[in-house]
Amino acid sequence: MIEHLHIRNVALIKEADIDFFQGLNILSGETGAGKSMIIDSINFLIGQKADKDFISNGEEEALVEGLFVLENDDVSEYIKDMGIDVEDNYLLISRTIKTNSRGSIKVNGRSATVSMLKDISQFLLDIHGQHQHQSLLNSSKHIELLDKFCGKELEENKESLNLSIKNYRQINQKIKEITKDSSSLGKRLDFIKFQIEEIELANLKENEEEELLAKRRILVNSERLTENIGNSIELLYGNEGGSAVDNISSAISLINSVSQDDENLERLLPQLESILSLLDDSVRDIRKYYENIETDPEALKNIEERLELIYSLKRKYGNSVESILDYYSKIKEEYDFLINSEELLQKFNLEKKELYKKIIKTCRQMTEIRKKEALILQKEIEDVLRELGMKAAKFEIEVSQKQEFGTAGNDNVEFLISPNPGEPLKSLSKIASGGEMSRVMLALKTVLSKADNIDTFIFDEIDSGVSGRTAQKVAEKLAIISRKKQILCVSHLPQIASMADNHYLIVKSSKEDKTETSVKLLDYSSSVDEIARLLGGAEITEAAVANAKDLKNGAIEFKNHI
């Protein structure tokens, strides 16, 4: 639900902070006071486009912020999947519009797009106004409304259908690949076969290129290696008595000859002997390396040719030996698939046939569920319409089939109505009366509210065209829905205003050649005064106040018995 709304520099609203609560929140005020600005601000907040006139005159930027409490864990997870952190199930949406530059959108501090806002807001708010009945007027949306009422059984069938359709499309694609032009298939097979044979003939091994480069480096530098390593051996173990080994051996003999004169010298001998032993080992290893230095020009030529083959394959199939081998695995799999195409085609056609049967069966089950639930839903809506003053109205949900199937099945769903006796059933879009449309929409919301996951409904003057006893019934229905949902409702009817759990007054005032709109939460006494104004106009009489109290107290008693 929406917990707080902050508005700054929107039309006549300089700055407003509004705390909304659970239950029925009514916004009222004189015509032109700015009630629509509140709804416009919320619409802007959840992704609706706004022009520069949205910004207060003389200002460069307008800001709207909304704090929402997410009461559904699935919604929280959905928003987290979008990369937005959600702490304690609170969501702060902030949006600005500027005169000379682009505005900004932030959701819990993270930059977002209008598209993201619309995705998120579909789970937060459902806004309906006197001229905002697109979901009812657009018959393509009727199936979504009916499906909400159908519940879990239909959802399970939808999930099964979606999986079957996904598999069906994948099988279809494979069949297309097999059955495409035979000459193209043959060319593809020949081309893949050539590539496979070329890579197989090369007999590549992982890390081969690195090993060849290392060997080539040795062969290219073999002359310099031979000279330097030979000189190193001569210095370490020469034959003229001046080598490092001979010198250390002589030093050990000399120290040993005088060690009896000073016992401290005996401690030095083991260190020198250890060095001599280590040096002997090193000389043997270096001599072995020296003896194995290759100077074979033919070996170098073979390495160069092998490297050139690898470079040629890399240019065709990948930037490394590993990439070439990966490519080989893929084309080998494709070749095996295509070479066995006739057998596979039979297998895929059989699978396609079975999947089609399953899809049609699931679609029929979904049709049965929809037809069964449609009878229940249309009766409940007719019952509510009667309570709302449309006593002779007939409401029907037509479920018909189309040839093609999709993820929602193969049903067409349309809501039909006959508002008055003797009139034929017709599409909702043919309803001329705004009052009738408002009541149909309210009846739908009353019945569907228990199946709707959205926490907040916003009604903008949906009471247009109703009065008297009908207005009282509309007020009672709003109160009933508000026991389970948060409702924000802009209204000019005293019957609806009296039913408010929280009553807000929108006031326009002028000061120093400036006109501003403000929002005030009313207490019981102030709410009675506002209801009296709605009853009697500009002049509030004692009779109007008494009548207002009766309405308010009657509303309180009604709500206590819901």
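Structure values in brief
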{"read-out": "Test: residue in segment 119-141 that is surrounded by 14 or more Cβ atoms within 10 Å (Cβ to Cβ), part of a strand (DSSP E or B) and of a type in the set (D, E, K, R)", "value": "yes"}
{"read-out": "Among (1) surrounded by 12 or more Cβ atoms within 10 Å (Cβ to Cβ); (2) modelled with pLDDT under 90 - the single one Pro421 does not satisfy", "value": "(1)"}
{"read-out": "Checklist (1) within 24 Å of Val69 (Cα to Cα); (2) touching a helix residue (DSSP H, G or I) at 6+ places or on another chain (Cβ under 9 Å); (3) surrounded by fewer than 17 Cβ atoms within 10 Å (Cβ to Cβ) applied to Gly468, failing item", "value": "(1)"}
{"read-out": "Hits in segment 142-164 - residues which are surrounded by fewer than 18 Cβ atoms within 10 Å (Cβ to Cβ) and over 30 Å from Leu442 (Cβ atoms)", "value": "Glu156, Glu159, Ser160, Asn162, Leu163"}
{"read-out": "Failed condition for Lys80, given (1) surrounded by fewer than 13 Cβ atoms within 10 Å (Cβ to Cβ); (2) under 28 Å from the mean Cα position of the chain (by Cα); (3) of a type in the set (D, E, K, R); (4) under 23 Å from Ser518 (Cβ atoms)", "value": "(4)"}
{"read-out": "Test result for Leu388, under 30 Å from Met441 (Cβ atoms) and at pLDDT below 90", "value": "yes"}
{"read-out": "Any hit, segment 189-200, residues being among the polar types (S, T, N, Q), assigned to a loop (DSSP other than H, G, I, E, B), closer than 30 Å to Val321 by Cβ and modelled with pLDDT of 80 or more", "value": "no"}
{"read-out": "Criterion: of a type outside the set (D, E, K, R) and out of contact with any helix residue (DSSP H, G or I) (no Cβ under 9 Å at 6 or more places or on another chain) - qualifying residue of Ile331, Ile339, Ile360", "value": "Ile360"}
{"read-out": "Residues that are in contact with a helix residue (DSSP H, G or I) (Cβ under 7 Å, 6 or more places away or on another chain) and assigned to a strand (DSSP E or B), drawn from segment 58-78", "value": "Ala62, Val64, Gly66"}
{"read-out": "Selection from segment 91-117 of residues that are among the β-branched types (Val, Ile, Thr), out of contact with any helix residue (DSSP H, G or I) (no Cβ under 8 Å at 6 or more places or on another chain) and within 23 Å of Asp17 (Cα to Cα)", "value": "Thr96"}
{"read-out": "Residue among Ser160, Ser184 that is among the polar types (S, T, N, Q), in contact with a helix residue (DSSP H, G or I) (Cβ under 6 Å, 6 or more places away or on another chain) and at negative phi", "value": "Ser160"}
{"read-out": "Count of residues meeting criterion [surrounded by 14 or more Cβ atoms within 10 Å (Cβ to Cβ) and over 19 Å from Glu423 (Cβ atoms)] in segment 385-401", "value": "2"}
{"read-out": "Among (1) touching a residue at least 24 places away in the same chain (Cβ under 8 Å); (2) under 27 Å from Thr179 (Cα atoms), the one test that Leu350 misses", "value": "(1)"}
{"read-out": "Helices (runs of 4 or more DSSP H) contained in segment 292-394 and holding at least 1 residues farther than 30 Å from Lys187 by Cα and among the aliphatic types (A, V, I, L, M)", "value": "297-317, 341-387"}
{"read-out": "Residue match in segment 129-139 (condition: under 30 Å from Met437 (Cβ atoms) and at pLDDT 90 or above)", "value": "no"}
{"read-out": "Residue check for Phe415: within 14 Å of Ile143 (Cβ to Cβ), aromatic (Phe, Trp, Tyr) and in contact with a Phe, Trp or Tyr (Cβ under 9 Å, 6 or more places away or on another chain)", "value": "yes"}
{"read-out": "Test set (1) in contact with a helix residue (DSSP H, G or I) (Cβ under 8 Å, 6 or more places away or on another chain); (2) under 22 Å from Val519 (Cα atoms) - Gly34 fails condition number", "value": "(1)"}
{"read-out": "When residues of segment 449-473 are limited to those that are part of a loop (DSSP other than H, G, I, E, B) and over 23 Å from Gly29 (Cβ atoms), the one modelled with the lowest pLDDT", "value": "Asp452"}
{"read-out": "The one condition in (1) closer than 29 Å to Leu145 by Cβ; (2) part of a loop (DSSP other than H, G, I, E, B); (3) not basic (Lys, Arg) that Glu476 fails to fulfil", "value": "(2)"}
{"read-out": "Residue match in segment 86-93 (condition: of a type in the set (Asp, Glu), assigned to a loop (DSSP other than H, G, I, E, B) and more than 27 Å from Ser491 (Cα to Cα))", "value": "yes"}
{"read-out": "Members of segment 218-227 that are surrounded by 12 or more Cβ atoms within 10 Å (Cβ to Cβ) and either modelled with pLDDT of 90 or more or assigned to a helix (DSSP H, G or I) (or both)", "value": "Ile218, Leu219, Val220, Ser222, Leu225, Thr226"}
{"read-out": "Residue in segment 344-361 that is modelled with pLDDT under 90 and surrounded by 17 or more Cβ atoms within 10 Å (Cβ to Cβ) present", "value": "yes"}
{"read-out": "Contacts under 6 angstrom Cβ, first residue in segment 314-330 being closer than 13 Å to Ile192 by Cβ, partner surrounded by 15 or more Cβ atoms within 10 Å (Cβ to Cβ) and of a type outside the set (Ser, Thr, Tyr), 6 or more apart", "value": "Tyr317/Ile324; Tyr327/Gly318; Tyr328/Ile199"}
{"read-out": "Scan of segment 395-434 for residues that are touching a residue at least 24 places away in the same chain (Cβ under 8 Å), of a type in the set (Gly, Ala, Ser) and in a loop (DSSP other than H, G, I, E, B), ordered by number", "value": "Ala408, Ser433"}
{"read-out": "Qualifying residue in segment 328-343 (condition: modelled with pLDDT of 90 or more, on the phi < 0 side of the Ramachandran plot, of a type in the set (Lys, Arg) and under 33 Å from the mean Cα position of the chain (by Cα))", "value": "yes"}
{"read-out": "Scope segment 21-57; condition in contact with a His (Cβ under 9 Å, 6 or more places away or on another chain), crowded, with 21+ Cβ neighbours inside 10 Å and not in a strand (DSSP E or B); matching residues", "value": "Lys35"}
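Conditions tested, residue by residue: (1) modelled with pLDDT under 90; (2) part of a helix (DSSP H, G or I); (3) among the polar types (S, T, N, Q); (4) within 30 Å of Leu338 (Cα to Cα).
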position	(1), (2), (3), (4)
Glu156	no, yes, no, no
Lys166	no, yes, no, yes
Lys187	yes, yes, no, yes
Lys205	yes, no, no, yes
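The values are calculated or read from the model by the stated rules, or taken from the named source; none is laboratory data. Quick caveat: nothing in here was measured; it's all calculated off a predicted structure. Neighbour counts run over all protein chains shown; Cβ positions are idealised from the backbone, glycine included.
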